[in-house]
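Following: one structure in structure tokens, then a few remarks.
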Amino acid sequence: MKQWLNQHQQALQIVLTRMRHNLLATLLMFCVMGVTLCLPGILYVIVDNLNRLAGDIKGEPQISLFLKQDIKADTINDLDKKLSLHAAVKTYRFVSKDTAWQDLQATSGTAEITHNLEKNPLPDAYFVTPRNLEPVAIEALQQEMQQWSGVEIAQADANWVKRLYAMLELGKKAILALVLLLGFALIAIIGNTIRLQILTQREEIEVSRLIGATDRFIRRPFLYAGAIYGLGGGLAATLFLASVITLFNSSVTEIAASYGSNFHLALPSLATSLIMIASALSLGWIGSYIAVGRSLSKLN
Amino acid sequence: MIRFDQVSKRYPGSHEALKGVSFELQQGEMVFVLGHSGAGKSTLLKLIAGIERPTSGTVLINNQNVSKLRPAALPYLRRKFGLVFQDHKLLYDRNCFENVALPLYINGVTGSEAGKRIRAALDKVGLLGKEKAMPITLSGGEQQRLAIARAVVSRPSVLIADEPTGNLDENYATEIMGIFDAFRQVGVSVIIATHNLHDTGDARVLRLNQGQLLSAEEGALPA
């Protein structure tokens, strides 16, 4: 056990000494990895924040029927009957102009605007949830309702929400693709760096083998080197990502404030950062393992 | 301790380097492998140290058949031997101390225990004052002695040297042979390949010619 620890400590020491001797090259390597990892990181932050923003919006598609301002109570009753009998309507909900007005006044941020208005500009409205949620069916229903008397505007307001969700889904897939591609790139970068290091230490490896070094002994320092490159890259990426977000945040909060929102970009959580660092470390280890394995079998 | 039984070795695309060689060596023996270059001396040493495997025949080391060993077990076999190579194979990017440290590190010996043994090995070959020197600054004889220090630092039971005096003038050569003899006297088996008959003294000689063993005469061990 003590010997085992000794060997690991010794391998780590060798690697750290080598890295200290080539400090500039090592730091550059960290930067390369950091920037590479940072790209999907930034995309993740964007999608994650949009997701947060979209979370407040109900995903259920709805058709809003805004009624004419001068509508009569009879017409409203007619509409109510039509909706309750309509086969394509699942549920519907009536919101009178007075209720809507009170709601709007209660909403923070808009109180100032509503205060300045002399009378209620809002119409009566129905909010209809269709039975069939296919975009085509919703559009057909919306066009039919547009023709009904007393209806000023029939609006299928679900489409943009759906599009947003579709785009978020696309964003997640883009992250996945980017992570896979760049992960592959990282393995290649680290693998190549390790391969070059093996070449410069070829003599040492050959002599070590002749005097009884196991493959594991030879592999160990290179695996540590790969893992350390990954660790450094992961830390650099976290640092870069935090800086980029902080830089963006001052502008984002300004824009959001002009919309009366206190939205800001959230820094990646501790768990996200740890996952990023851990995966960078494993990628470094894997890249190094592949490179050493190939070189060792070539030397054989 | 070391037994060759009808051992042949053929390198791919080449003639047979060794043909049907049989002999046996006892623990603590000093043996010279004598022959012209190309006679198969290096191949013989490589077969003993488990660096090469025989094409046919059996090589037994401590009653273990080398051909039947798993590749993963070979490194542990090699650790039983201290190897001195024809071209030293010193590492020129580190100082003498670190060169000698390599076999100990491979065996997992580090720290003050390693330091003690490294200095002892350097002392035995007369290089104690040069532990911080880089190998490139040493003379040919000193480099060879450094290689011997590296070979003996992990206290192997067998010392194998391939043409250890090949590139040295006579004074240095005598000195090196004296060092080997000192190890023999403390019970280490010593196997030395050489093309120079004068080196052998009255020790046992394995005479090789074109891959064949001409004689395995028993000589009286030098006093």
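The values are calculated or read from the model by the stated rules, or taken from the named source; none is laboratory data. None of these values were measured; they are calculated from a predicted model. Cβ coordinates were reconstructed from backbone atoms using ideal geometry, including for glycine residues, and neighbour counts include every protein chain displayed.
Exactly one residue out of A:T272, A:T193, A:T238 is in a helix (DSSP H, G or I), away from chain B (no Cβ under 14 Å), out of contact with any Pro (no Cβ under 7 Å at 6 or more places or on another chain) and at pLDDT below 90, and it is A:T272. Within the range B:151-171, the set of residues being modelled with pLDDT of 85 or more and part of a helix (DSSP H, G or I) comprises B:A151, B:V152. Under the condition of being of a type outside the set (S, T, Y) and in contact with a Lys or Arg (Cβ under 9 Å, 6 or more places away or on another chain), the residues counted in the range B:11-40 number 18. So which residues in the range A:114-133 are within 35 Å of the chain's Cα centre (by Cα), outside any loop (DSSP other than H, G, I, E, B) and at pLDDT below 85? A:T129, A:P130 - these are the residues of the range A:114-133 that are within 35 Å of the chain's Cα centre (by Cα), outside any loop (DSSP other than H, G, I, E, B) and at pLDDT below 85.
Residues in the range B:52-88 that are surrounded by 18 or more Cβ atoms within 10 Å (Cβ to Cβ) and β-branched (V, I, T): B:V59, B:I61, B:V66, B:V84. Of all the numbered requirements in (1) more than 13 Å from A:H86 (Cβ to Cβ); (2) at pLDDT 80 or above, A:T107 misses one, and that requirement is (2). Each residue in the range B:75-134 was checked for being of a type in the set (D, E) and within 14 Å of chain A (Cβ to nearest Cβ), and 4 pass.
Between A:V252, A:V292, the distinction of being touching a residue at least 60 places away in the same chain (Cβ under 8 Å) and among the β-branched types (V, I, T) belongs to A:V292 only. Kindly indicate whether any position in the range A:214-224 is surrounded by 21 or more Cβ atoms within 10 Å (Cβ to Cβ), in contact with a strand residue (DSSP E or B) (Cβ under 7 Å, 6 or more places away or on another chain) and within 14 Å of chain B (Cβ to nearest Cβ). Checking the range A:214-224: not a single residue is surrounded by 21 or more Cβ atoms within 10 Å (Cβ to Cβ), in contact with a strand residue (DSSP E or B) (Cβ under 7 Å, 6 or more places away or on another chain) and within 14 Å of chain B (Cβ to nearest Cβ).
Number of residues in the range A:59-107 that are closer than 27 Å to A:E134 by Cα, part of a helix (DSSP H, G or I) and of a type in the set (S, T, N, Q): the value is 1. When A:W4 is tested against the conditions (1) within 14 Å of chain B (Cβ to nearest Cβ); (2) buried (at least 17 other Cβ atoms within 10 Å of the Cβ); (3) out of contact with any Lys or Arg (no Cβ under 9 Å at 6 or more places or on another chain); (4) of a type outside the set (S, T, N, Q), the lone failure is (2). Taking the range A:83-99 as the range and being surrounded by 12 or more Cβ atoms within 10 Å (Cβ to Cβ) and over 17 Å from A:A154 (Cα atoms) as the test, only A:T99 passes. So, in the range B:115-149, of the ones that are more than 18 Å from B:A182 (Cβ to Cβ) and basic (K, R), which residue ends up surrounded by the fewest Cβ atoms within 10 Å (Cβ to Cβ)? Out of the qualifying residues, it is B:K132.
When residues in the range B:6-20 are screened for being surrounded by 12 or more Cβ atoms within 10 Å (Cβ to Cβ) and more than 14 Å from B:R53 (Cβ to Cβ), 4 of them pass.
Consider A:E204 against the criteria (1) within 14 Å of another protein chain (Cβ to nearest Cβ); (2) within 33 Å of the chain's Cα centre (by Cα); (3) among the acidic types (D, E): it satisfies all of them except one. Which criterion is unmet? The single condition A:E204 does not satisfy is (2).
Can you name the residue in the range A:192-213 that is closer than 16 Å to A:M33 by Cβ and touching a Phe, Trp or Tyr at 6+ places or on another chain (Cβ under 9 Å) and is also surrounded by the fewest Cβ atoms within 10 Å (Cβ to Cβ) among such residues? Step by step, filter the range A:192-213, then rank; the result is A:Q197.
Could you list, in sequence order, all residues of the range B:48-87 that are within 15 Å of B:V190 (Cα to Cα) and hydrophobic (A, V, I, L, M, F, W, C)? The answer is B:I48, B:A49, B:I61, B:F81, B:L83, B:V84, B:F85. With the condition kept exactly as written, say whether any residue in the range B:50-66 is within 14 Å of chain A (Cβ to nearest Cβ) and under 24 Å from A:L5 (Cα atoms). Checked against the condition, which is being within 14 Å of chain A (Cβ to nearest Cβ) and under 24 Å from A:L5 (Cα atoms), the range B:50-66 yields no hits at all.
What number of residues within the range A:153-173 are modelled with pLDDT under 80 and part of a helix (DSSP H, G or I)?
Total satisfying the criteria: 8.
The test for being in a helix (DSSP H, G or I), away from chain B (no Cβ under 14 Å) and modelled with pLDDT under 90 does not hold for A:A280. Kindly establish whether A:L12 is away from chain B (no Cβ under 11 Å) and farther than 18 Å from A:S282 by Cα. When the stated conditions are applied, A:L12 does not pass them. Is there a residue in the range A:19-27 that is touching a helix residue (DSSP H, G or I) at 6+ places or on another chain (Cβ under 9 Å), crowded, with 17+ Cβ neighbours inside 10 Å and more than 14 Å from chain B (Cβ to nearest Cβ)? Yes - at least one qualifying residue is present in the range A:19-27.
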